[in-house]
Structures are given as structure tokens and as C-alpha cells.
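These notes are about the structure you will find just below.
Bear in mind that the values in this text are calculations on the coordinates, not laboratory data. Keep in mind that what you see is a predicted model, and the values were worked out from it rather than measured. Here the Cβ is made from the backbone with ideal geometry for all residues, glycine too, and neighbour counts use every protein chain on show.
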Amino acid sequence: MKKIILLGITLVSVITLNAQSKLTVGVSVGAALPMGAYGSTDTAGGKTAVALRGNSKDSTEANGYAKTGFHFDVTAGYLFSDNIGGMVYIGGNMNSFDISTLETQNKVTSPATASSTNYYVGQYLVGPYLSLGGSKLKIDIRVLVGLVTCNTTTITYNNGASGAFAGSSTSSGNGGSGFGYQVGAGIKYNFTDKMGLLVNVGYTGSSVAYTGYTQVSDFGNNSQTYTNTTLKSTMALSILTTTVGIAFNL
């Protein structure tokens with residue numbers, strides 16, 4: 001990660017010192033569609049969200065139960081020639097957890113309930129890009145690599161009872177990370193010399209590794225906490241993003 005950050009700082013420094021019109025900074029927002037295991041709700045294919053939840057047949061491969069969410073990113077691209085450049089990309093996705101499907105799979109019925117926190121996926125990427133077109137309309141194609149991070153959700157089951165019979169169980173895991181890549185393409189339309197409209201599509205892939213989880217059970221006056229610090233698991237994370245934004249030509 002230190003090498004990625006250093007590379008990013010170096011690239012931005014070179015851009016700042018040497019570039020004027022060849023530097024483009026973009027800010028975009030849009031939708032994040034989870035794919036692969038990250039969006040899967042198949043309990044037979046892997047345990048959910050890293051901690052031991054559901055009727056999994058495999059304790060080392062995680063499914064995310066992630067739903068379509070919100071994406072944002074900031075990019076800085078510098079053209080070293082008319083068509084070839086380098087890009088620094090910092091992006092984030094916020095996806096909710098499909099708790100209703102998990103309730104159905106685990107036969108959680110009223111008055112019992114289940115709840116979950118959300119996912120946040122961070123993308124810290126660098127790499128080359130190809131820029132084609134004229135001064136008004138450009139098509140950019142990028143291939144980036146770097147670090148992808150993803151937290152685990154915290155899931156709580158509540159049996160819905162009251163008094164001495166009330167009980168709940170909460171499971172949470174540690175955050176994970178892995179090597180990631182992104183292949184993307186975008187259109188930039190410059191409506192002035194200094195500003196333009198961005199439309200982008202990107203596909204990000206990674207294998208995020210996790211270690212350990214915690215399970216807390218509270219029933220009546222009895223509370224138990226179990227912490228596993230050695231269990232290792234992975235989740236194949238894939239995200240398709242579609243965004244619109246503003247480009248600043250500096």
C-alpha cells in the first residue's frame with residue numbers, strides 16, 4: 001500500500017509541476033452494481049459476509065449479499081503525449097446488505113428480526129489510459145491496478161421476545177483488502193476549455209482476504225463472546241459502476 005500511495009503522490013507532483021492543459025481532474029457519482037460473490041446470496045456457495053452466518057457448506061469462501069448502491073470517485077489524469085497518459089483513481093462504493101433474503105433463508109419470522117450494517121468498498125488505483133478524439137469530444141480507456149478494501153457487515157438477530165426470554169446474537173468481522181484492478185471507458189465532452197462533462201463505465205475486480213470474526217450472544221442475563229483470530233476467508237469482489245461527473249481541465 002505504501003508503494004501505491006508513493007506512486008500516486010509522485011504522479012500528482014509531476015502533474016502539478018509540469019502540466020497545464022494536459023491535466024484533467026474528474027469528480028463523478030453514480031451506481032455500483034455488485035457482481036460475483038460480492039452480490040451473491042447463495043448460501044451453498046460460501047458463508048455470508050465472512051463471519052459464520054447461515055447454512056454454508058464452505059467456511060473459507062464468502063458471499064456478500066450486497067445490493068446495488070452508490071458510487072463516487074475522484075480521478076487525476078495527465079497526458080504524457082497526445083494520446084497516452086497516467087491516472088490516479090480514488091473511489092468508494094456504499095452497498096446495503098440484503099437482510100430480507102438472509103431472513104428468509106434462515107427462517108427468521110415475526111416477532112424475530114434481523115438487521116445489518118452496510119458495506120463500504122474503497123478503491124485506490126493507478127495506471128495508464130488511452131485518450132482518443134478531438135478538443136471537444138474524447139474517449140478515454142483505462143486499465144488500473146492497486147488496493148481494494150472492503151469491510152464486513154455486522155449482523156444482529158433478535159428473537160423478538162421480552163423480559164427473561166429476550167435474546168440476540170451479533171456477528172462481526174474484521175476489514176479486508178486485496179489486490180484489485182479496474183478496466184473502464186469514458187466519454188468526456190468539453191463544453192468550455194476548462195470544464196467538461198464525464199460519462200464513465202468501469203469494472204473492478206479483486207479477491208478480498210479476511211481474518212477473524214467475533215460472535216456475541218445475549219440471552220436473558222447470560223452474555224457470551226466468542227472471538228476467532230485465525231479463521232481466514234476470501235470473497236471474490238466484482239463491481240460494475242456507471243457514473244456521470246464534471247471534468248476540470250487545468
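Taking the highest mean first, how do the peptides 123-131, 78-86, 216-224 order by number of other beta carbon atoms within 10 angstrom per residue?
The most tightly packed comes first, giving 123-131, 78-86, 216-224.
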Can you tell me the FRET efficiency between residue 174 and residue 219 if r is taken as the Cβ-Cβ distance and R0 is 30 Å, rounded to the nearest 0.05? 0.75
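Can you give the FRET efficiency for residue 135 and residue 70, using 1/(1 + (r/R0)^6), R0 = 35 Å, r = Cβ-Cβ distance, to the nearest 0.05? Walk me through the numbers on the way to the answer.
Values: r = 33 Å, r/R0 = 0.93.
For R0 = 35 Å, the calculated efficiency reads 0.60.
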In whole Å, how far is the Cα centre of segment 149-193 from that of segment 103-128? 5
For segment 186-250, what's the relative contact order in percent, using C-alpha pairs closer than 8 Å and at least 6 residues apart? 44
Rounded to the nearest 500, what is the chain's calculated 222 nm mean residue ellipticity when only DSSP H runs of at least 4 contribute -39500 (n - 2.57) each, over all residues? -3000 deg cm²/dmol
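Only four residue types carry charge here, +1 at the Cβ of Lys and Arg and -1 at the Cβ of Asp and Glu. Report the dipole size of the chain about the Cα centre in Debye, rounded to the nearest 20. The partial results should precede the final answer.
Numbers: 14 positive and 10 negative charges, 82 e Å.
I would put it at about 400 debye.
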Does anyone have the angle between helix 2-18 and the longest principal axis of the chain? Alpha-carbon axes, 0 to 90°, nearest 10? 30
Simple label model, 7 Å out from Cα along Cβ direction - residue 244 to residue 183, nm: 2.7
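How large is Rg/Rh for the chain, to two decimals, with Cα atoms and a Kirkwood Rh?
The Rg/Rh ratio comes out at 1.10.
With contacts defined as alpha carbon pairs under 8 Å and 6 or more residues apart, what's the relative contact order of the chain in percent? Could the numbers behind the result be given before it?
On the way: 726 pairs, mean separation 53.8, N = 250.
Relative CO of the chain lands at 22 percent.
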Backbone HN-Hα couplings from phi across segment 66-72 [Karplus 6.51/-1.76/1.60, Hz, Gly and Pro as x]: 7, 10, 4, x, 9, 10, 9
Listing 147, 237 from the residue with the fewest other Cβ atoms within 10 Å to the one with the most, what is the order? 147, 237
With viscosity set to 0.692 mPa s at 37 °C, what whole-number translational diffusion coefficient in µm²/s follows for segment 68-192 from Stokes-Einstein and a Kirkwood radius over Cα pairs? 184
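Taking 0.36 nm per residue of separation and subtracting the Cα-Cα distance, what length does fully extending residue 209 through residue 42 add?
Values: separation 167, 0.36 × 167 = 60.12 nm, distance 1.92 nm.
Result: 58.2 nm gained on full extension.
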Over the chain, how many pairs of lysines fall under 21 Å by alpha carbon, counting only those 8 or more apart in sequence or from different chains? 15
Estimate the FRET efficiency between residue 199 and residue 83 by the formula 1/(1 + (r/R0)^6), using the beta-carbon distance for r and 25 Å for R0, to the nearest 0.05. 0.80
